[in-house]
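The values are calculated or read from the model by the stated rules, or taken from the named source; none is laboratory data. In this text, all values refer to a predicted model and were calculated from it rather than measured experimentally. Neighbour counts are summed over all protein chains in view; Cβ atoms, including those assigned to glycine, are modelled from backbone coordinates with ideal geometry. Keep in mind that these areas ignore ligands, DNA and RNA; they rest on the heavy atoms of the full protein, side chains included. Shrake-Rupley method; radii C 1.70, N 1.55, O 1.52, S 1.80 Å.
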Amino acid sequence: MELSVDVAGTRLPATLSLPTGPVRGGLVVLHAAEAGHRSHFCYEHLARLLPGAGVAVLRFDRRPRVDGHDVPLADQAADAIAAVDVLRRHVGDVPVGLWGLSQGAWAAPLAAGLRPDLVAFLVLVSGSGVSPAVQMRYGTAEQLRRNGYGDADLAELGRVRAATEAYLRGDLDRATAQAAVDRAAARPWFPLVHLPRALPDQPGTWRDMDFDPVPVFARVSCPVLLFYGATDAWIPIDDSVAAWRRATAGAADPPTVCRLDGCDHYPTLGEGTSLDSISPQYTAALLSWLDARLPAG
């Protein structure tokens, strides 16, 4: 069923996949930074899998970027809440949760903390428990390590990322930061580290770079399922799990953590990017966890 999620004067195209039988629950899908279209294979997998288990799935296109800036997490959370409202009009009074991949795994708990009355559970895939800036320091350093670069290159990467972050915060002048980028651009590893060749004219363009997820996690009161690929090159997994443990210490239903063998950042085997590569371990764990928490059909 084709629908739309209307937010802030913008209509976001959406697709709703409904069970053929009784509806036990619903799920709204939230996006990775570079996977904003509802047709992404990880989202399509949910739409194919979950209706058979009585779970409706709403996928929608991510809000467009403005002037090249990433969509603020607060806006993504607001869009998630609006999408839940849309889904509820079609499924009635059943538990509705959020599924978030990578960046979406920051937006989902933010939405859940704001509207605990609407969000009944969270499923988070490759979600970071550290800030975006810290996560990118970790992930880009890991890219260099996995491609055989040594300590000198890692140290230079650390310097250029520190200079870039300082400029974006307004703590360093652009000329000095750009000079650091210019030096790094001559290195063969530069394409691996996701830095702009030319810095923006003004600081402040990465609005959520120092977003601290731990206080956000602490406001989540619903059940949480966390998936991490065992070899994820972009997420500091142990630090992220520890962040959730600290934030939810004493919770009656602490987060469930599932580490996926053979998976990296996506829940796929061999770093695949197709429906056929989705991990059977991920599929089985997701279905089992939802079945235990949703009303019988």
Worksheet item: Could you give the radius of gyration (one decimal) and Dmax (whole number) of the Cα atoms in the stretch 252-297, in Å?
Response: 12.7, 37
Fill in: Percent accessible area from carbon and sulfur atoms, the chain, protein chains only, probe 1.4 Å
52 percent
Fill in: Ala32 long-range amide H proximity, modeled H, under 5 Å
Leu101, Gly104
Discussion item. Starting from the 7 Å offset along Cα-to-Cβ, what nm value, one decimal, do you get for the label separation of Ala179 and Arg11?
Written reply: 5.3 nm
Discussion item. Within the stretch 257-291, list the residues whose amide N lies under 11 Å from a label point set 7 Å along Cα→Cβ of Arg48.
Written reply: 274-278
Fill in: the chain - accessible surface per residue (Å², probe 1.4 Å)
43 Å²
Response to the item:
Share (percent) of C-alpha pair distances in the chain greater than 35 Å works out to 20 percent
Worksheet, complete the sentence: Contour minus Cα-Cα span, Ala155 to Arg115, at 0.36 nm per residue, comes to 10.1 nm
Worksheet item: Rounded to the nearest 500, what is the chain's calculated 222 nm mean residue ellipticity when only DSSP H runs of at least 4 contribute -39500 (n - 2.57) each, over all residues?
Response: -12500 deg cm²/dmol
Worksheet item: When every alpha-carbon pair in the stretch 220-279 is counted, what percent end up more than 12 Å apart?
Response: 67 percent
Practice prompt. Indicate the gyration tensor shape class of the stretch 132-192 (rounded, prolate or oblate), computed on the Cα atoms with a ≥ b ≥ c the square roots of the eigenvalues: a/c under 1.5 is rounded; otherwise a/b larger than b/c is prolate and the rest oblate.
Written response: oblate
Practice prompt. Please sort 118-131, 81-94, 170-183 by packing, taking for each peptide the average over its residues of neighbouring beta carbons within 10 angstrom, highest first.
Written response: 118-131, 81-94, 170-183
Fill in: Gyration tensor (alpha-carbon) shape descriptor, the stretch 109-211, a/c threshold 1.5
oblate
Practice prompt. Count the net charge of all other residues whose Cβ sits under 11 Å from the Cβ of Ala233, scoring Lys and Arg as +1 and Asp and Glu as -1.
Written response: -2
Worksheet, complete the sentence: The answer for the chain, counting only DSSP H helices whose Cα atoms cover 24 angstrom or more along the axis and whose Kyte-Doolittle average is -1.0 or greater, is 73-91, 151-169
Worksheet entry | Geometric extent, Cα atoms of the stretch 1-150 - Rg, Dmax (angstrom) | 16.1, 57
Worksheet, complete the sentence: For the stretch 46-127, the convex hull over Cα atoms projects on average to an area in nm² of 5.6 nm²
Worksheet item: For the chain, what is the percent of antiparallel DSSP beta bridges, rounded to the nearest 5?
Response: 40 percent
Worksheet item: Roughly how many Å is it from the Cα centre of the stretch 205-279 to that of the stretch 58-127, as a whole number?
Response: 16 Å
